[in-house]
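Data block below; observations after.
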Amino acid sequence: MRARRVVSLVPSITEALASVDPEGLVGATDWCTHPADLESYGVARVRGTKNPDLTAIRALRPDVVVVNREENRELDVRRLRDSGVRVEVTDIETVPQGVAELERVLDLLGWPRPAWLAEARRLWCGDLPPVTRRVVVPIWRDPWMVVGPRTFTADLCRRLGWEVVVPDAEAVAGGEPGGDPQQPQQRYPTVTAEAIDSAGADAVLLPDEPYVFTTDDGPEAFTRTPVELVSGRLLTWYGPSLVEAAASVCR
């Protein structure tokens with residue numbers, strides 16, 4: 001097929017698709033911030049990843065709606081499919097999976113694979129480097145939530161030579177919605193700031209998304225562990241940012 005009308009409900013995938021055929025992208029979420037000129041191509045905003053405007057999506061008459069198993073709700077996928085809309089679900093827990101899923105989606109749409117995607121595969125899909133430091137990566141506060149195992153960000157960090165540290169089970173203050181609060185291997189466990197500061201990491205990495213950590217909001221919570229403010233896009237997005245991340249983040 002050659003899809004001419006695509007709605008993306010995933011910021012990373014929106015950026016990837018726009019790099020190939022921005023005029024074929026007819027809908028995106030409010031969180032799809034890259035590229036910055038999406039509106040100039042007539043891309044309609046369809047609210048957020050967790051609360052998409054299904055009526056607006058249907059009105060765009062897309063050939064395909066692209067979603068992600070982690071970022072989007074199964075309920076929305078089911079409702080779109082029940083109304084006759086084709087929905088393609090991606091599932092990404094590692095960088096190689098991210099590259100492979102983008103290749104698969106582009107092939108499914110009948111769109112060409114861009115040069116940056118081959119470069120991302122070359123840069124990120126080889127053997128793992130030695131571990132050079134241990135980091136904790138919070139993604140939210142009030143409550144504090146951190147990156148755990150089986151996540152794209154944890155795998156990307158590992159491919160930079162950084163091991164993502166998860167606080168001990170007894171430090172977990174809550175849990176991923178619907179998860180077991182006593183299970184330390186949750187994907188995004190809820191913990192205390194004290195647990196993060198006591199985890200024995202070499203650094204706490206505070207990204208600017210999904211929570212916008214700043215110099216005045218986040219670093220003050222930690223007194224024992226060095227804190228670094230980092231780009232959330234470079235740590236959490238799969239798409240053209242992968243090439244930028246490889247060039248910008250010191251390995």
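What FRET efficiency do you get for Asp30 and Thr214 if R0 is 22 Å and r is their Cβ-Cβ distance, rounded to the nearest 0.05?
0.55
What ranking do 91-98, 232-239, 40-47 get when scored by the average of other Cβ atoms within 10 Å per residue, highest first?
232-239, 91-98, 40-47
How large is ³J(HN,Hα) for each residue in the range 223-238, as worked out from phi by the Karplus curve 6.51 cos²θ - 1.76 cosθ + 1.60 (θ = phi - 60°), to whole Hz, x for Gly and Pro?
Karplus values, whole Hz, x for Gly and Pro: 10, 9, 10, x, 10, 10, 7, 10, 6, x, 4, 6, 9, 10, 9, 10.
Tell me, what is the FRET efficiency for Glu23 and Gln97 to the nearest 0.05, using R0 = 22 angstrom and their Cβ-Cβ distance as r?
For R0 = 22 Å, the calculated efficiency reads 0.20.
Could you provide, to the nearest whole Å², the per residue accessible area of the chain with probe 1.4 Å?
About 46 Å² of surface per residue is accessible.
Expressed in whole Å with the largest first, what are the equivalent ellipsoid semi-axes of the chain derived from the C-alpha gyration tensor as the square root of 5 times each eigenvalue? Write down the numbers at each step before the final one.
Details: eigenvalues 213, 85, 51 Å².
Gyration-tensor ellipsoid for the chain: 33, 21, 16 Å.
Using a basic spin-label model with each label point 7 Å from the Cα along Cα→Cβ, how many nm lie between Lys50 and Asp168?
Computed distance between label sites Lys50 and Asp168 equals 3.1 nm.
Under a crude label model (7 Å from the Cα following the beta-carbon direction), how far is Arg79 from Leu128 in nanometres?
Placing both labels 7 Å along Cα→Cβ, they lie 4.0 nm apart.
What FRET efficiency comes out for Arg61 versus Thr223 if R0 is 45 angstrom and r is the Cβ-Cβ distance? Round to the nearest 0.05.
For Arg61 and Thr223, the calculated efficiency is 0.25.
Could you look at the chain and say what percent of its accessible area is carbon and sulfur, using a 1.4 Å probe and all protein chains?
50
Nearest 10 degrees is fine. How inclined is helix 95-109 to the longest principal axis of the chain, computing both from alpha carbons?
With both axes taken from Cα atoms, the answer is about 10 degrees.
Under the rule of at least 5 residues apart or a separate chain, name every residue whose amide H is placed under 5 Å from the amide H of Glu70.
Answer set, sorted by chain and number: Ile92.
The values are calculated or read from the model by the stated rules, or taken from the named source; none is laboratory data. Fair warning: this is a prediction, and the values are worked out from it, not measured in the lab. Please note: Cβ atoms are built from the backbone with ideal geometry, for glycine as well, and neighbour counts cover all protein chains shown. These area figures cover heavy atoms from the full protein model, side chains too; ligands, DNA and RNA do not enter into them. Shrake-Rupley method; radii C 1.70, N 1.55, O 1.52, S 1.80 Å.
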